[in-house]
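Chemist: Attaching a single structure in structure tokens format; questions to follow.
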Amino acid sequence: MELKTKISDASVTEHLDALDNETRRADCQTLSVLMQEATGSEAKLWGTNIIGFGSYRYKYASGREGDWMQVAFAPRKLHVTLYLTGIKENTDLLEKLGKHSLSGGCLHIKKLADVDLDVLKELIGRSVTTRG
């Protein structure tokens, strides 16, 4: 079975520029800078809407393997979803982050103005370290 979410040739800049919500567009541009600084990798569009940075190779006990992004985010209608490894284990930082929600392994933020950017940078950095 082939993974549907793969790196695309589409332009990340064009994708973000096309967002009609001005605040969401600015927040996503800021997240792009933060994640690029944390990973040292350029942004790539994974699938149709996930902006990913860096990659690592995974292999399950079943033998299935593939490539996945170190950290990523996706602009959604109501919030921005951040894909960060080990997010639930970082309760110390989540308590200080500000207004957010969690589901599965995802962090959801309505707007960056609702959170402490220094805490968010630390969460992103921890995720990168985990997936190094």
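The values are calculated or read from the model by the stated rules, or taken from the named source; none is laboratory data. It should be emphasised that the depicted structure is a prediction, and the values quoted were computed from it without experimental measurement. Cβ atoms come from the backbone with ideal geometry, glycine included; neighbour counts cover every protein chain shown.
Chemist: Among (1) in a strand (DSSP E or B); (2) in contact with a Gly (Cβ under 6 Å, 6 or more places away or on another chain), where does T130 come up short?
Modeler: (1)
Chemist: Mind checking whether some residue in segment 17-29 is under 18 Å from T130 (Cβ atoms) and touching a residue at least 24 places away in the same chain (Cβ under 8 Å)?
Modeler: The answer is no, given that none of the residues of segment 17-29 is under 18 Å from T130 (Cβ atoms) and touching a residue at least 24 places away in the same chain (Cβ under 8 Å).
Chemist: With the structure loaded, tell me whether V119 is outside any loop (DSSP other than H, G, I, E, B) and within 12 Å of the chain's Cα centre (by Cα) or whether it fails that test.
Modeler: No.
Chemist: Still on this model: Hey, can you tell me all the residues within segment 53-65 that are among the hydrophobic types (A, V, I, L, M, F, W, C) and surrounded by fewer than 18 Cβ atoms within 10 Å (Cβ to Cβ)?
Modeler: A61
Residue-wise test of (1) crowded, with 16+ Cβ neighbours inside 10 Å; (2) not polar (S, T, N, Q).
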position	(1), (2)
L82	yes, yes
I87	yes, yes
N90	yes, no
S101	no, no
G104	no, yes
K111	no, yes
D114	no, yes
L117	no, yes
L120	yes, yes
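Chemist: Now for a separate question. So is L78 at pLDDT below 95, farther than 20 Å from E37 by Cβ and exposed (fewer than 13 other Cβ atoms within 10 Å of the Cβ) or not?
Modeler: It is true that L78 is at pLDDT below 95, farther than 20 Å from E37 by Cβ and exposed (fewer than 13 other Cβ atoms within 10 Å of the Cβ).
Chemist: Here's something else I'd like to know. Answer with yes or no whether I50 is surrounded by 13 or more Cβ atoms within 10 Å (Cβ to Cβ), out of contact with any helix residue (DSSP H, G or I) (no Cβ under 9 Å at 6 or more places or on another chain), closer than 18 Å to Q29 by Cα and β-branched (V, I, T).
Modeler: So I50 fits the description; yes.
Chemist: Something else: Where in segment 34-108 are there strands (runs of 3 or more DSSP E), lying fully within it, with 2 or more residues that are without any contact (Cβ under 8 Å) to a residue 40 or more places away in the chain and aliphatic (A, V, I, L, M)?
Modeler: 43-46, 71-75
Chemist: Continuing with the same structure: Kindly list the number of the only condition in (1) closer than 21 Å to D118 by Cα; (2) modelled with pLDDT under 95; (3) buried (at least 17 other Cβ atoms within 10 Å of the Cβ) that fails for W68.
Modeler: (1)
Chemist: Select from segment 27-40 the residues that are closer than 16 Å to S11 by Cβ, in contact with a strand residue (DSSP E or B) (Cβ under 9 Å, 6 or more places away or on another chain) and surrounded by fewer than 18 Cβ atoms within 10 Å (Cβ to Cβ) and list them in ascending order.
Modeler: Q36
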